[in-house]
Structures are given as C-alpha cells and as structure tokens.
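The values are calculated or read from the model by the stated rules, or taken from the named source; none is laboratory data. All of these numbers come straight from a predicted model, not from anything done at the bench. Neighbour counts run over all protein chains shown; Cβ positions are idealised from the backbone, glycine included.
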Amino acid sequence: MNSPQHTTKHTATGLLKLIRPKQWVKNIFLFAPLIFSKEFLHLYSVYHVIFAAFLFCLAASAVYIVNDLNDIEQDKTHPEKRKKRPLASGEISVNNAILLLGAIYIGLFAAWFVTPKVINVIIVYIAINLLYSFKLKHEPVIEIFIVAFGFVLRVYAGAVALNVPVSNWMFVTTLSLSLYLASIKRRQELIQNGSQSRGVLSHYSVTLINRFAEMSATSAIIFYSLYVMTVQSKLIVTIPFVMFGLFRYWFIVETLRDGESPTDVVIYDKQILLTVLFWAGFCIWVLIPRH
C-alpha cells in the first residue's frame, strides 16, 4: 500500500503536470509592451506586468485543465497522451481537476477587483479557448488563428497592465510570429504522429502547412523591420536577431526533427534562448534614454 506521504506527493506531481508550468514561457509576450514603451525604467510598471503575467499563467492553466477534461476519453486511446496526461493516465482524478479549476477561477475573479482591465482581456482569452476546446479546434485554419490570437491577447494584456496603447505594428508582427509558431507545431504533429493525434490534421498536408509557416515567417520579418525603420530606427540592430531566431527554429524543425513544442525549444535550445536574451538586452540598451 502507498503511504499517505507518497500519495500526496504523487497527487502534487500530477497537479503540476495538469497546469503545465512549462507552457507559461509563452507569457513572455506580455513583456513586449514593457520594453517598447520604455516603461521598464519604472519599477511600478514592471510589477504590474509581472502580476498580469502571473494571472495569465493561471488562465492558461485553467484552459489546459478544461481541454484535458474534455479530451480525457480520446487521450486514453492516444499512444503518448495516455501516459503523459495526468487525467488520462489516472494520476489525477476528475474531481481533483475540477476543484483545482474552481480554485483558479475564484483567484481570477478576486483579481478583477485589483486589475479589472487585465482580467477583462483574460475573460476574452478564456472564452475563445472554451470555444476552441469544444468546437473550433476541429475547424482547419480557424484553429491555427485561435492559437495565434492567444499570443496577441498576451501582448494586449501587457499593454493594458501598463495603460499604454498597442501599436498596429506590434499587433501585426505578433500575429505573424504566432501564426508561424502555430503552423510549425501543426506541421510537426502531422509528421511525427499523423492525423490520429489531432483530428483537424487530416485536413492539412505538410506542403500546405509549410506554405502557412513560410508566409507567416516572412510577414513577421517584414512587419518587424517596417516597425523598426518607421517608429524605432535605433532598433535596427535587433533585426538580425529576429531573422536568426526564425532561421534557427526552422533548422531545428527541419534537421533535428524537433519543434512540436515552441516552449521546449526556447527552454532547451541554447542558441534560441541566447537569441531571445540578446534581442531583449539590445532592445533595452538601445531604448534607455541617454540624457
């Protein structure tokens, strides 16, 4: 028999898998407005964005829990998910997952009294993802745009937390970059697991998704470059980092047969991680007032 201590540890591990903390890396998008608005010079602004990112982490985890609850029977038949997903593997009970989901929703509701504008963005994020989980994830192309729009909402939430406007350039650049990442994710799923891993993949081909990815990557470079040259010309030194990051990511996908999870690539590939850090560092260094 398992001891109570072992059972508690086992449950805690399962809950940690359920909320997927590795995916919280995506919330670095909230910090983009902090950099480009030059608000990183104010500790109060940094605090507001960190708090908004924390709330988005909770919201993202709530979305994952709902998705896992909805897909539990399908995941039980999947060769990998039945082992990795804590609900499908039986590591976590449905009741515990629902209790955790309720606690997260209560926490987000309480946060509305502290930062209502950010929570309003999060409500839109959750609503769109609920539509995705129960209906729209089966709709080709639309489902890719919904995944990508989640990144756009993160950027917008960061701007709302700072009470600064989001430039049109930042919006379209973020959308292009996130469409690229979402397309690559679908490409790798299709190549590695076939259409059985996700029903909507039966509507795609590798050639088609490659076109999506190439068009999105090209758009991201063009729009970012146009933004830099028309709004923040001093940031022109950061364009090579953006291009190298996209090139490196495609190399990982094409040669190393990886890239199904963008967060894993950012965390574990040293060149990608250094590229992101150097890009952010150069942006901050260039934008710091010299007077």
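When Tyr156 is tested against the conditions (1) surrounded by fewer than 21 Cβ atoms within 10 Å (Cβ to Cβ); (2) aromatic (Phe, Trp, Tyr); (3) within 21 Å of the chain's Cα centre (by Cα), the lone failure is (1). Only one of the listed residues (Tyr227, Tyr249) is buried (at least 16 other Cβ atoms within 10 Å of the Cβ) and in contact with a helix residue (DSSP H, G or I) (Cβ under 6 Å, 6 or more places away or on another chain). That residue is Tyr227. Of all residues in segment 16-69, those satisfying the criterion of being out of contact with any Ser or Thr (no Cβ under 7 Å at 6 or more places or on another chain) and in a loop (DSSP other than H, G, I, E, B) are Ser37, Lys38, His42. If you go through segment 12-42 and pick out every residue that is over 10 Å from the mean Cα position of the chain (by Cα) and aromatic (Phe, Trp, Tyr), you end up with 3. At least 3 residues being within 19 Å of the chain's Cα centre (by Cα) and in the same structural domain as Arg187 (by TED's automatic domain parsing) is the threshold, and among the helices (runs of 4 or more DSSP H) wholly inside segment 71-149 not one reaches it.
Evaluation of Gln188 against the conditions (1) farther than 19 Å from Lys26 by Cα; (2) surrounded by 16 or more Cβ atoms within 10 Å (Cβ to Cβ); (3) polar (S, T, N, Q) shows that the sole unmet condition is (1).
Determine whether segment 259-273 contains at least one residue that is over 22 Å from the mean Cα position of the chain (by Cα), modelled with pLDDT of 90 or more and in a helix (DSSP H, G or I). No, that holds for no residue.
Among the conditions (1) part of a helix (DSSP H, G or I); (2) at pLDDT 90 or above, the only one that Val164 does not satisfy is (1). Among the criteria (1) surrounded by fewer than 17 Cβ atoms within 10 Å (Cβ to Cβ); (2) closer than 18 Å to Ser178 by Cβ; (3) at pLDDT 90 or above; (4) in contact with a helix residue (DSSP H, G or I) (Cβ under 7 Å, 6 or more places away or on another chain), the one Ile221 does not fulfil is (1). Look at segment 175-187: where a residue is outside the structural domain of Val206 (by TED's automatic domain parsing) and in contact (Cβ under 8 Å) with a residue 12 or more places away in the chain, no partner that is outside any helix (DSSP H, G or I) and surrounded by 24 or more Cβ atoms within 10 Å (Cβ to Cβ) sits 6+ places away or on another chain with Cβ atoms under 9 Å. Consider segment 128-153 and keep the residues that are buried (at least 20 other Cβ atoms within 10 Å of the Cβ) and of a type in the set (Gly, Ala, Ser). The one that is nearest to Asn27 (Cα to Cα) is Gly150.
Please go through segment 131-160 and give me each residue that is in contact (Cβ under 8 Å) with a residue 12 or more places away in the chain and over 21 Å from Leu175 (Cβ atoms), ordered by number. Before you say what the answer is, go through the steps one by one.
Step one: list which residues in segment 131-160 are in contact (Cβ under 8 Å) with a residue 12 or more places away in the chain, which gives 131-134, 137-140, 143-160.
Those that are in contact (Cβ under 8 Å) with a residue 12 or more places away in the chain and over 21 Å from Leu175 (Cβ atoms): Ser133, Phe134, His138.
Does Lys17 satisfy the condition of being at pLDDT 85 or above and either outside the structural domain of Trp112 (by TED's automatic domain parsing) or on the phi > 0 side of the Ramachandran plot (or both)? No; evaluated as a whole, the condition is false for this residue.
Considering only residues that are basic (Lys, Arg) and modelled with pLDDT of 90 or more, which ones fall in segment 74-124?
Residues of segment 74-124 that are basic (Lys, Arg), as a first pass: 76, 81-85, 117.
Across segment 74-124, the qualifying residue is only Lys117.
Out of the residues in segment 194-216 meeting the condition of being hydroxyl-bearing (Ser, Thr, Tyr) and in a helix (DSSP H, G or I), tell me which one is surrounded by the most Cβ atoms within 10 Å (Cβ to Cβ). Spell out the reasoning first.
Restricting attention to segment 194-216, the residues satisfying the condition of being hydroxyl-bearing (Ser, Thr, Tyr) are 195, 197, 202, 204-205, 207, 216.
Narrowing the set further to residues that are in a helix (DSSP H, G or I) leaves 195, 197, 202, 207, 216.
Values: Ser195: 13, Ser197: 16, Ser202: 12, Thr207: 8, Ser216: 23.
Result: Ser216.
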